[in-house]
1. Report the accessible area of ASP24, computed with a 1.4 Å probe over the heavy atoms of all protein chains in place, in Å² rounded to the nearest 10.
2. Please turn the phi angles of the stretch 281-291 into ³J(HN,Hα) values with the Karplus equation 6.51 cos²θ - 1.76 cosθ + 1.60 (θ = phi - 60°), one per residue in order, whole Hz, x for glycine and proline.
3. Within the stretch 235-342, which trypsin sites (Lys or Arg not before Pro) sit in a loop by DSSP and count at most 16 neighbouring Cβ atoms inside 10 Å?
4. So if each residue of separation counts as 0.36 nm, and I subtract the Cα-Cα distance between GLU169 and GLN151, what length gain in nm does that give?
5. In the neighborhood of PRO262, defined by Cβ-to-Cβ distances under 13 Å, what is the net charge if each Lys or Arg adds +1 and each Asp or Glu adds -1?
6. Amide H to amide H, which residues 5 or more places from LEU203 or on other chains are under 5 Å from it, using H placed in the peptide plane?
7. ASP273's amide H: which non-local residues (gap 5+, or another chain) put their own amide H closer than 5 Å, with H modeled 1.01 Å from N in plane and none for Pro or chain starts?
8. Given the pairs LYS172/LYS278; LYS117/LYS351; LYS239/LYS294; LYS202/LYS291, which span a C-alpha to C-alpha distance of over 31 angstrom in this model?
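The values are calculated or read from the model by the stated rules, or taken from the named source; none is laboratory data. Not measured: the values here are computed from a predicted model. Cβ coordinates were reconstructed from backbone atoms using ideal geometry, including for glycine residues, and neighbour counts include every protein chain displayed. Ligands, DNA and RNA are stripped out before the accessible areas are found, and what is left, the full protein with its side chains, is counted by its heavy atoms. Shrake-Rupley method; radii C 1.70, N 1.55, O 1.52, S 1.80 Å.
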Amino acid sequence: MGGAVSVGAPVSASVEAVLKAEYDKRVAAGASEEDLDKLMKTSLPSVIVFNQIDMDHSGSVDAAELKRALIALPRNGRHVGDGKDPPFVPFEGMVATLDSDSSGEISLSEWIENLGKLPDLQKAIEASVDPRTGKLAKYRSLEEQLALRMQQRDDCEARAQKGEDVETELEKRHKQVALLQSQLGLAGVIVFNQLDLDGSGKLEREELLRAIKHMCKSSDQAADLNEEELTTLTEGYIKLIDVDGDGIIDMDEWLFRLDRAPRFQEMVEEGVDGVTGKIRGYRTLPEQLAKLEKNIADLEAQASAGEDVGTELERRNTQRDKCAARLAEVEATRAAAEAENKKVMDEVEAKMAAVTAESEAPAPARSE
């Protein structure tokens with residue numbers, strides 16, 4: 001680990017602090033770099049899941065958070081090494097086993113050390129982990145839950161506008177959204193998806209710079225910055241949030257590390273509409289292009305009427321061309337990603353079909 005703790009995955013600040021303290025303790029005890037690297041590799045899967053279910057990012061998991069995680073786990077087909085079902089352990093027993101100091105909360109160290117004592121739970125977690133992310137595949141974070149509830153609320157409002165009698169359901173959805181919003185900061189999944197123009201699941205430098213330019217217009221923090229200063233500001237925020245140093249921000253980094261850039265977080269939260277969960281006035285590229293086209297049409301009409309709008313018309317045409325080029329680039333990126341995903345899925349389906357065909361093929365006759 002090169003003299004410093006690094007998990008190679010985005011975790012909350014509190015979890016990272018616990019890992020660093022554990023790392024420093026083992027270094028002080030004389031552990032070698034090889035032993036520390038081995039420990040980190042074997043502990044990482046548990047760390048990622050722990051960080052995922054630690055909903056308030058406090059660095060510990062309480063009974064309510066553990067119970068919420070259990071809902072996302074399979075209930076059947078879990079076996080230990082001898083193929084038999086492990087002994088049933090009631091929920092209270094799980095908590096008692098994991099919370100070895102009976103503090104009422106399960107620390108990361110307790111989670112790593114005691115999870116193996118609950119083979120049923122450990123196997124269920126291993127069976128539920130998405131190998132691409134290391135996280136529980138069917139577990140929905142509060143941020144993801146809020147995004148879902150807001151979509152359900154919007155769908156319900158659309159049905160109400162069509163004349164459907166959904167007053168009771170709509171009231172329920174509004175209460176669900178309000179409750180989740182009270183538990184979360186405003187800069188969550190919905191904002192991330194809004195800024196992710198190409199739908200790649202990552203925020204690139206250009207996407208963040210575009211968002212920062214928009215937010216600076218209405219923020220007292222950076223309203224007077226020029227293009228170069230805005231670019232420098234964006235690069236600085238990326239360095240604070242980007243855990244793996246690839247220059248882009250993925251969803252986990254956004255959710256778990258945005259607080260590392262408090263000025264940026266404040267700017268985002270100031271700009272979020274509490275009802276929609278989105279940044280106010282922030283247009284998608286198609287929306288921006290449509291607005292520019294309308295502005296150009298209006299200016300051309302004014303020019304035809306003899307008004308001196310040549311300079312402004314030239315500026316809007318330049319903006320329109322840049323926006324159109326960026327939109328074409330985004331759509332090309334999205335199309336390439338979709339083609340690559342289809343290729344991967346086709347390969348997976350072909351392999352599955354081959355395995356199925358092989359398993360269903362009649363066994364060769366044995367010679368006497």
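1. In the full protein context, ASP24 sits at about 70 Å².
2. x, 7, 8, 6, 4, x, 5, 5, 5, 4, 5
3. Loop-located and lightly packed - ARG280, ARG283.
4. 5.2 nm
5. So the surrounding residues net to -1.
6. Here ILE249, ASP250 satisfy the definition.
7. Close amide H contacts, sequence-distant or interchain: LYS278, ILE279, ARG280.
8. LYS117/LYS351; LYS239/LYS294
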